[in-house]
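All remarks here apply to the structure that follows.
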Amino acid sequence: MLWKHQRLHTPEAIQLAWLLRHPAGIQPIVGTTDPVRLVACCAADGITLSREEWYALFTAARGVRVP
């Protein structure tokens, strides 16, 4: 469930994990040099979002259910 990721990871990590799981094969560029934020972003590599979790985030961002 998505909520387990919310408790364990930063919002940056969850956002990047979502982008990494995107079907278009997005390769995000992190625009920070702050070591704390870089560590938080690197945590995305350890997050595996299920298809249901990915679509739950997609639906929440759009504000509309996916057809």
Given Cβ charges of +1 for Lys and Arg and -1 for Asp and Glu, the option among 41, 59, 14 whose Cα lies farthest towards the positive end of the dipole of the chain is 59
Give me the percent of accessible area attributable to carbon and sulfur for the chain, probe 1.4 angstrom.
60
Computed over the chain, the ratio Rg/Rh where both radii use C-alpha atoms and Rh is Kirkwood
0.98
Residues whose placed amide H lies under 5 Å from that of residue 10, excluding near-sequence neighbours
none
Expressed per residue, the solvent accessible area of the chain in Å² (1.4 Å probe) is about 75
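The values are calculated or read from the model by the stated rules, or taken from the named source; none is laboratory data. Not measured: the values here are computed from a predicted model. In this analysis, Cβ positions are derived from the backbone assuming ideal geometry, glycine residues included, and neighbour counts consider all displayed protein chains. What goes into the accessible areas is simple: the full protein's heavy atoms, side chains included, and nothing from ligands, DNA or RNA. Shrake-Rupley method; radii C 1.70, N 1.55, O 1.52, S 1.80 Å.
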